[in-house]
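Peer 1: Let me give you the structure first, and then I'll get to my questions.
Derivation of every value follows stated rules applied to the coordinates shown; laboratory data play no part. Note that this is a predicted model, so its numbers are computed, not measured. Every residue, glycine as well, gets a Cβ built from its backbone with ideal geometry; the counts of neighbours run over all protein chains shown.
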Amino acid sequence: MQTEKEKMLRGELYNATDPQLTAERHKARDLLQQYNNTAAGNTDLRSFLLQELLGKCSKGLQIEPPFFCDYGYNITIGENVFFNFNCVVLDVMPVTIGNNVLFGPNVQLYTVTHPLNWQERASGLESGKPIYIGSHVWIGGGVIVCPGVTIGERSVIGAGSVVTRDIPADVFAAGNPCRVIRDLSTEKRILTV
């Protein structure tokens with residue numbers, strides 16, 4: 001028989017009030033409370049807490065507190081990633097973030113979703129869909145990324161956008177719902193050393 005965690009990780013309907021999942025969320029909340037209350041200069045403690053939460057702390061990871069997530073272990077982060085203040089990652093499914101990604105303040109990444117049928121929803125069951133964010137992406141402040149979305153490499157998402165579907169690489173996209181505004185691949189690139 002499958003556990004509720006196994007169902008969750010497969011993207012199937014599962015019961016989030018399962019004791020194992022509840023305990024894992026409580027552990028993450030305890031680590032986050034400690035992290036969010038650390039002094040700005042206490043980088044060793046912050047690194048240790050992120051390591052405990054995420055399982056791996058990549059080079060150049062910077063997360064400004066407060067930061068919130070469900071489990072932590074479903075978040076994979078590349079090198080040189082920056083989260084500004086008050087970001088939320090609901091990671092019931094994998095959230096994969098490439099290298100050199102910037103998140104503005106109040107960005108929210110939601111992998112969790114609920115049934116559209118009210119009777120299923122009333123039963124307390126939920127499911128999730130993974131999120132993938134490519135390398136060199138910039139996500140502006142207040143952006144919401146919905147379940148199952150992929151954002152292609154080098155794209156920019158304008159502040160306040162609600163990303164409900166995949167965004168290709170090398171574009172500027174914005175709005176609610178978020179849509180491609182312009183192609184960045186044809187613009188002259190300025191390289192700095």
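Peer 1: What fraction of the DSSP beta bridges in the stretch 10-137 is antiparallel, stated in percent and rounded to the nearest 5?
Peer 2: Details: 4 of 20 bridges.
Of all bridge pairs located within the stretch 10-137, approximately 20 percent are antiparallel.
Peer 1: Here is a follow-up. Among 131, 181, which comes first, then next, by fewest other beta-carbon atoms within 10 Å?
Peer 2: Details: 131 26, 181 14.
With the sparsest Cβ surroundings first, the list reads 181, 131.
Peer 1: From the phi angles alone, apply the Karplus equation (6.51, -1.76, 1.60; θ = phi - 60°) to the stretch 124-139 and give each ³J(HN,Hα) in whole Hz, x where the residue is Gly or Pro.
Peer 2: Here the 3J(HN,Hα) series is x, 7, 9, 8, x, 9, x, 10, 10, 10, x, 5, 6, 8, 10, 10 Hz.
Peer 1: While we're looking at this one, here's another question. Could you work out [θ]222 nm for the chain from helices alone, using -39500 (n - 2.57) per DSSP H run of at least four and dividing by all its residues? Round to the nearest 500 deg cm²/dmol.
Peer 2: -6500 deg cm²/dmol
Peer 1: If amide H atoms are built 1.01 Å from N in the plane of the peptide, which residues on other chains or at least 5 residues away come under 5 Å of the amide H of residue 78?
Peer 2: Correct list: 97, 98.
Peer 1: Provide the per-residue ³J(HN,Hα) series for the stretch 12-26, in order, calculated from phi with Karplus coefficients 6.51, -1.76, 1.60 and θ = phi - 60°, each as a whole number of Hz, with x at glycine and proline positions.
Peer 2: Couplings: 8, 4, 8, 9, 6, 8, 3, x, 5, 5, 4, 4, 5, 5, 5 Hz.
Peer 1: For residue 63, list long-range residues whose amide hydrogen, built 1.01 Å from N in the peptide plane, is under 5 Å from its own amide hydrogen.
Peer 2: Amide H neighbours of residue 63: 83.
Peer 1: Can you sort 149, 143 so the residue with the fewest Cβ neighbours within 10 Å comes first? Don't skip to the end; give the middle numbers.
Peer 2: On the way: 149 21, 143 25.
Listing 149, 143 from fewest to most nearby Cβ atoms yields 149, 143.
Peer 1: Further, regarding this structure: Note the direction-averaged projected area, equal to a quarter of the hull surface, for the Cα convex hull of the stretch 14-56, in nm². Walk me through the intermediate numbers first.
Peer 2: Details: hull surface 13.4 nm².
For the stretch 14-56, averaging the hull's shadow over all directions gives 3.4 nm².
Peer 1: Quick one, can you get me the convex hull of the C-alpha atoms of the stretch 71-173 expressed as volume per residue in Å³?
Peer 2: Values: hull volume 8.9 nm³, N = 103.
Residue-normalised Cα hull volume stands at 86 Å³.
Peer 1: Treat the count of other C-beta atoms within 10 Å as a stand-in for reagent exposure and order 8, 93 from fewest to most.
Peer 2: Least crowded to most crowded, the residues run 93, 8.
Peer 1: Taking H placed 1.01 Å from N in the peptide plane, check which residues at least 5 places from residue 184 or on another chain put their amide H under 5 Å from its amide H.
Peer 2: Result for residue 184 returns 171, 172.
Peer 1: Residue by residue through the stretch 58-68, what is 3J(HN,Hα) from phi via Karplus (6.51 cos²θ - 1.76 cosθ + 1.60, θ = phi - 60°)? Round to whole Hz and write x for glycine and proline.
Peer 2: Running phi through 6.51 cos²θ - 1.76 cosθ + 1.60 with θ = phi - 60° gives 6, 4, x, 6, 9, 10, 7, x, x, 10, 9 Hz.
Peer 1: A further question on this structure: Can you grab the distance from the C-alpha centre of the stretch 86-159 to the C-alpha centre of the stretch 26-68, Å, no decimals?
Peer 2: 20 Å
Peer 1: Quote the FRET efficiency, to the nearest 0.05, computed for residue 18 versus residue 180 with a Förster distance R0 of 41 Å and r equal to the Cβ-Cβ distance.
Peer 2: Values: r = 40 Å, r/R0 = 0.97.
Efficiency computed from Cβ-Cβ geometry: 0.55.
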